[in-house]
Structure formats: C-alpha cells, structure tokens
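The values are calculated or read from the model by the stated rules, or taken from the named source; none is laboratory data. In this text the structure is predicted, and so the values were computed from the model without any measurement. Here the Cβ is made from the backbone with ideal geometry for all residues, glycine too, and neighbour counts use every protein chain on show.
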Amino acid sequence: QAKDKGRNRWQFYDISMTVKARERLNLLGDLRLALARKDFELYYQPQHDMVSGNIIGAEALIRWNHQQLGFITPDKFIPLAEESGLILPLGEWVLETACNQMTRWKEKGIQLERISVNISMAQLHQPGLIARVEGVLERTACRPEWLEFEVTESYLMSDPVEAGRLLAQIRSMGIMVALDDFGTGYSSMSYLNALPLDRLKIDRSFVFKLPDEDEGAIVRAIIAMCQCLNIGIVAEGIEKKEQKQFMMEQGCDLAQGYLYSRPLPCHEFEKYFANLPEFNQNDAQTQSLIQ
Ligand code: C2E
Ligand code: MG
Ligand code: MG
Ligand code: MG
C-alpha cells in the first residue's frame, strides 16, 4: 500500500511538471509574438526628493498587455525573457521607449531630471552595448544625462571585474548607474567601493520592516557607508509614513513607493506631476504625505 501511495505521488509530480513545462512553452511562444506586436507598455513610478518633496526622476517599469490574460507583471516574464535571450530585443524596446518618453517630457517642459531603466545582465554583457545605447540616444534625441541604468547586485557579483569595466564605460558616456535591490543578493560590501556607482537602491524588504530595530540598524549602516563612499541613496517601497520618517532622519536622498505613488501609465504620470505643486499649497494632508 505504501508503494502504491509512493507511485501515485510520483505520477502526480510528473503530471504537474508536464503542465508547468507546457505553460512555460506557451508563455515563451506568446512572448515572442508579443514582442513582434509590441504588446508592452511602460509604467512610470515617481522618485521623490525626500526633503523638498519634488519629483526628481521616474523609474520605467514594463507591463505586458497579454491578449488573453490581461496585464502581466514583469516578475512573471522577465526571467523567461532572460533565459530565452528575448531580453535583448525586449530590453532595447524598453530603453528606446523610455528615452523617447523622456525627450517628449523635456519638450513639454516637464522638469524631470532623469529616467531610470532596469538593465539585465545579458544586456550589460551584450557585445556592442555602448554602440547600441548611442544609437538609441541618437534616434530618440535623448541626452545621456537624462538617463540612469539600474543593475542588480546579483548580476554584478557573478563577474564583478567585467561588470565594473562595463559600468565605467556607461558612466563615461554620461549615464548614471544605480545598484538595484541592494541587500537581497550575496553581500557585496567589499565590492561597493570598487564598483563605479552613482546610487544605491535599498531593497524594499528592508524598508518594509522599518522602523524595526534590527532592520533600522542595517539601514543606518548602509546609509552611513554610502555617505562615506559618496554614493546617493534611494529607498524603494516606501508604503508608510513611519518608513518615510525613518529614512528621512537617516539622511536618505530619494524615495519611491506606494505612499507617494504606484507606477503610472504615462498620461497619469503627467497628471500626477502637474498636480503636485497644487497639492502642496491646498491640501495639508497631501502635503504631509509628500514632504
Ligand atoms: P525593481 O526594479 O526593484 O522595481 C521595483 C518594483 O517594486 C516594481 O515592481 C514596483 O512596482 C514595486 N514597488 C514600487 N513601490 C512599491 C511599494 O511601495 N510597495 C511594494 N510592495 N512594491 C512597490 P514591478 O513593476 O512588478 O517590477 C518588478 C521587477 O521587474 C523590477 O524590480 C525589475 O527588477 C524588473 N523589471 C521591471 N521592468 C523591467 C525592464 O524593463 N527590464 C528589466 N530587465 N527588468 C524589469
Ligand atoms: Mg529597478
Ligand atoms: Mg529594486
Ligand atoms: Mg525589486
């Protein structure tokens, strides 16, 4: 009887594996098609200066508008795009779209300092990356100073020397470099000094627990270290006033999170941007949220 149970269990396992594999295969096929049809959209999440409350930048975040399934978040398809190599054309579409948007915003007089784009490791290591980026900037009339690349810790740690070389090249073009999701990968304190970084984004898993004492100590230490190394700090995932208060007290420069705004489609981002000063004057409650 025990044997039967065991057999059934394995059979069940096999079937679920097959289903999973088929789902993945379908999704990969769909992703190829979506890329050809450009069924994607960029959302923009404002980045606020913690002291003045002003919007300094925006992070571009991709959304897949799937024909049958509706909007799909990047966690569901970016890993698949990375494994399959589709991240290269997809990443270029993201970069070009973000640069285009930035140029249009500048033309409209929207005072945004820069736009942040997430860059995968495969993109970073792509041969001819610099020429490709230059091509995008030229086509979109976007200036390199308007742009920031976000790369994650785990990407960099797999080959820190080569990654450092590539990031230095990007920075020499005038593009800023931010280290994303800091604290989630292998700890990289010793590499921080060696890597050419402008900013570090403290992962929201730390911010989430603030002002808890242990997390607070870690965040304080990260900020102190960045200040010594002359690296700017961005807090991710600020949802609560207490989290914002804590980060401000520690001297964090920039913040993004649901407390300020969720990622928004471009026209809503523009509305949010336009209404911000008005809120500041007229609505004390909103003001306390923003500043
Ligand atoms: P990320 O770069 O760390 O982006 C921040 C994520 O946190 C976004 O999720 C954003 O919607 C979410 N977030 C922002 N504020 C809050 C908050 O207050 N609370 C909570 N709970 N979440 C918040 P999203 O848009 O689902 O993106 C997930 C990840 O997918 C990104 O993490 C990034 O690693 C990746 N990704 C997104 N767009 C692209 C892209 O164009 N290219 C590449 N290579 N990766 C991308
Ligand atoms: Mg990011
Ligand atoms: Mg992040
Ligand atoms: Mg993240």
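Only residues that are assigned to a helix (DSSP H, G or I) and not aromatic (F, W, Y): list them for segment 200-215, please.
Answer for segment 200-215, where residues must be assigned to a helix (DSSP H, G or I) and not aromatic (F, W, Y): R204, S205, V207, E213, D214, E215.
So the check is Cβ under 6 Å with 6+ separation or different chains; which pairs have a first residue in segment 99-113 that's closer than 13 Å to L137 by Cα and a second one that's surrounded by fewer than 15 Cβ atoms within 10 Å (Cβ to Cβ)?
T103/A141
For segment 191-207, give me the residue count where each residue is in contact with a strand residue (DSSP E or B) (Cβ under 6 Å, 6 or more places away or on another chain) and farther than 16 Å from Q227 by Cβ.
Selection size over segment 191-207: 2.
Any residue at all in segment 79-89 that's under 23 Å from Q256 (Cα atoms), within 16 Å of ligand 1 (Cβ to nearest atom) and hydroxyl-bearing (S, T, Y)? Can you show your working first?
We begin by selecting, within segment 79-89, every residue under 23 Å from Q256 (Cα atoms); these are none.
Within segment 79-89, not a single residue is under 23 Å from Q256 (Cα atoms), within 16 Å of ligand 1 (Cβ to nearest atom) and hydroxyl-bearing (S, T, Y).
Which one is nearest to P160 (Cα to Cα), of the residues in segment 180-222 that are surrounded by fewer than 21 Cβ atoms within 10 Å (Cβ to Cβ) and touching a Ser or Thr at 6+ places or on another chain (Cβ under 6 Å)?
Looking at residues that are surrounded by fewer than 21 Cβ atoms within 10 Å (Cβ to Cβ) and touching a Ser or Thr at 6+ places or on another chain (Cβ under 6 Å), I get G185.
So I218 passes all but one of these: (1) of a type in the set (A, V, I, L, M); (2) modelled with pLDDT of 90 or more; (3) outside any loop (DSSP other than H, G, I, E, B). Which condition number does it fail?
Unmet for I218, out of (1) of a type in the set (A, V, I, L, M); (2) modelled with pLDDT of 90 or more; (3) outside any loop (DSSP other than H, G, I, E, B): (2).
May I ask you to list the residues in segment 108-145 that are under 19 Å from P89 (Cβ atoms), in contact with an Asp or Glu (Cβ under 8 Å, 6 or more places away or on another chain), more than 13 Å from ligand 2 (Cβ to nearest atom) and not in a helix (DSSP H, G or I)?
H125
For segment 134-156, give me the residue count where each residue is within 16 Å of ligand 4 (Cβ to nearest atom) and surrounded by fewer than 19 Cβ atoms within 10 Å (Cβ to Cβ).
So the answer is 1.
Within segment 146-166, can you find the residues that are within 16 Å of ligand 2 (Cβ to nearest atom), of a type outside the set (V, I, T) and without any contact (Cβ under 8 Å) to a residue 40 or more places away in the chain?
Once the filter is applied, which keeps residues that are within 16 Å of ligand 2 (Cβ to nearest atom), of a type outside the set (V, I, T) and without any contact (Cβ under 8 Å) to a residue 40 or more places away in the chain, segment 146-166 yields F149, E153, S154, Y155, L156.
How many of the residues in segment 152-182 are of a type in the set (V, I, T) and in a loop (DSSP other than H, G, I, E, B)? Show your work before the answer.
Of segment 152-182, the ones of a type in the set (V, I, T) are 152, 161, 170, 175, 177.
Imposing the further condition that a residue be in a loop (DSSP other than H, G, I, E, B) reduces the set to 175.
Selection size over segment 152-182: 1.
Among the residues that make up segment 79-88, is at least one of them within 16 Å of ligand 3 (Cβ to nearest atom), touching a residue at least 24 places away in the same chain (Cβ under 8 Å) and under 15 Å from the mean Cα position of the chain (by Cα)?
No: zero hits.
Can you run down the residue pairs with Cβ atoms below 6 Å, 6 or more apart or on separate chains, where the first is in segment 130-145 and farther than 12 Å from E96 by Cβ and the partner is among the polar types (S, T, N, Q) and assigned to a helix (DSSP H, G or I)?
Filtered contacts from segment 130-145: I130/Q169.
Please list, ordered by residue number, the helices (runs of 4 or more DSSP H) wholly in segment 223-291 having 2 or more residues that are modelled with pLDDT under 90 and exposed (fewer than 14 other Cβ atoms within 10 Å of the Cβ).
266-282, 284-290
Among (1) under 16 Å from the mean Cα position of the chain (by Cα); (2) more than 16 Å from ligand 3 (Cβ to nearest atom), which single condition is G216 missing?
The one condition G216 does not meet is (1).
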